[in-house]
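Novice: What follows is a structure written as structure tokens; I'll ask about it next.
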Amino acid sequence: MRAIWKGAVTFGLVNVPVKLYSATEDHDVPLHQVHDADGGRIRYRRVCEVDGEEVSYEHIDRAYDDGERTVVLTKDDLAALPAERDREIEVVEFVPSDQIDPIMLDRTYYLEPDSRSTKAYVLLRRTLEETERTAVVKFALRQRTRLAALRVREDVLVLQTLLWADEVREAAFPALDEPAKVSAKELAMSAQLVSSFESDFSPEGFEDEYQVQLKQLIEAKIEKGEAIDTAETFGEREEEGRGAEVVDLMEALRRSVESAKTKKTG
């Protein structure tokens, strides 16, 4: 892994030098756009509206237009912002971990000690573990001020950026304003269905089926050309019992429980 940022976590007068690494990566098959008529690659060009010339990325600046005036912001202008120059991950408060709503979590990063002595890093890690708290921090990354949660994962400090409060939409659905009566029998049957699916979560047991099938499709086209039979390629067959609508909720629950039991015993 390559560090994408260097700085220090600060809480009070304690300074913890760290390197920041992306904790996740994209596993999607890379695809590009082509013309459906001849397979020609579709490319996008950055063209100046004034002179019609194509502009390379290093000669592109940013601008703000309020409808009457345009203000050009150069790379030096943006780099000169105090927040952009700041290399601190500032702890602003320690909060109970369950107070951070998962809907606010965004990107995840690992923090590695960037000092010969790891004592300050270990101190912060053990403090978070023993107080069972999550540190809410602020820092600047890629021309944005970030709010983030600092926590511990397998002896490593992990930084998870948070959405700002006004970036989370309110869930307002009129249909939920109407009361719906759920019987005790339906709740009991639903709990029984949950019980039949109970397990310990193991992410390694799941795979991205779309990406697996996409790779399979690409390999089939390489081997057999354009005229392939997708049903043959993927071994598709019509599943029995699918497609019939079950209107009665209790009946749907009963059949679901029976199906889950059959799969377990099978």
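None of the figures in this text is laboratory data; all of them are computed from the coordinates on show. These figures come from a predicted structure and were not determined experimentally. Here Cβ is always computed from backbone atoms with ideal geometry, including for glycine, and neighbour counts include all displayed protein chains.
Novice: Just Ala231, Ala140, Ala79 to compare: in a GNM of the chain, with alpha carbon springs under 10 Å, which one fluctuates most?
Specialist: Ala231
Novice: Report the gain in length on full extension from Ser202 to Val152: 0.36 nm times residue separation, minus Cα-Cα distance, nm rounded to one decimal. All intermediate terms of the calculation are to be shown ahead of the outcome.
Specialist: Working: separation 50, 0.36 × 50 = 18.00 nm, distance 1.92 nm.
Length gained between Ser202 and Val152: 16.1 nm.
Novice: Still on this structure, please answer the following. Counting other C-beta atoms within 10 Å, which of Phe139, Phe94 has the fewest, and how do the rest follow?
Specialist: Working: Phe139 24, Phe94 16.
By the 10 Å Cβ count, ascending: Phe94, Phe139.
Novice: Only helical DSSP H runs with n ≥ 4 go in: add -39500 (n - 2.57) per run for the chain, normalise by residue count and round the 222 nm mean residue ellipticity to 500 deg cm²/dmol. Write down the numbers at each step before the final one.
Specialist: Details: 7 runs with 73 residues, N = 266.
Rounded to the nearest 500, it is -8000 deg cm²/dmol.
Novice: Let me check the size of segment 95-153 from its C-alpha atoms; what are the radius of gyration and Dmax in Å?
Specialist: So, for segment 95-153, Rg and Dmax equal 12.7, 37 Å respectively.
Novice: Hey, with R₀ at 35 Å, roughly what FRET efficiency would Asp86 and Ala220 work out to, going by the Cβ-Cβ distance, to 0.05? Can you show the working numbers first?
Specialist: Working: r = 52 Å, r/R0 = 1.49.
With R0 = 35 Å, the Cβ-Cβ based efficiency is 0.10.
Novice: If neighbour count is taken as other Cβ atoms inside 10 Å, put Tyr21, Tyr57 in order from fewest to most.
Specialist: Values: Tyr21 17, Tyr57 6.
In order of increasing Cβ crowding within 10 Å: Tyr57, Tyr21.
Novice: So if I restrict to the alpha-carbon atoms in segment 38-77, what is the Rg, and what is Dmax, the biggest pairwise distance, in Å?
Specialist: Computed over the Cα atoms of segment 38-77, radius of gyration and Dmax are 14.2, 45 Å.
Novice: Roughly what would the spin-label model give for Glu167 and Glu93, points 7 Å off Cα along C-beta, in nm?
Specialist: Calculated label separation equals 1.9 nm.
Novice: How do Lys221, Lys264 rank when sorted from fewest to most other Cβ atoms within 10 Å of their own Cβ? Walk me through the numbers before you get to the answer.
Specialist: Numbers: Lys221 13, Lys264 9.
So the residues, fewest neighbours to most, are Lys264, Lys221.
Novice: What distance in nm separates the two pseudo spin-label positions at Gln211 and Glu49, each 7 Å out from Cα along the beta-carbon direction?
Specialist: Roughly 3.9 nm, to one decimal.
Novice: Please report, in whole Å, how far the alpha carbons of segment 61-116 spread along each principal axis, starting with the longest.
Specialist: On the principal axes, segment 61-116 reaches 48, 36, 19 Å in Cα extent.
Novice: For segment 189-232, what's the radius of gyration and Dmax over Cα atoms, in angstrom?
Specialist: Considering segment 189-232 through its Cα atoms, Rg and Dmax are 18.1, 51 Å.
Novice: Now for a different question. Which of the pairs Lys6/Lys119; Lys221/Lys264; Lys75/Lys215; Lys75/Lys138; Lys221/Lys261 have their Cα atoms more than 30 Å apart in this structure? Write down the numbers at each step before the final one.
Specialist: Working: Lys6/Lys119 18 Å; Lys221/Lys264 37 Å; Lys75/Lys215 40 Å; Lys75/Lys138 23 Å; Lys221/Lys261 40 Å.
Flagged as over cut-off: Lys221/Lys264; Lys75/Lys215; Lys221/Lys261.
Novice: With N set to the residue count of the chain, report its C-alpha Rg divided by 2.2 N^0.38 Å to two decimal places.
Specialist: On the way: Rg = 26.9 Å, N = 266, 2.2 N^0.38 = 18.4 Å.
Against the compact-globule rule of thumb, the ratio is 1.46.
Novice: Find the percent of Cα-Cα distances in segment 108-261 that exceed 26 Å, and round it to a whole number.
Specialist: When every Cα pair of segment 108-261 is considered, 66 percent fall beyond 26 Å.
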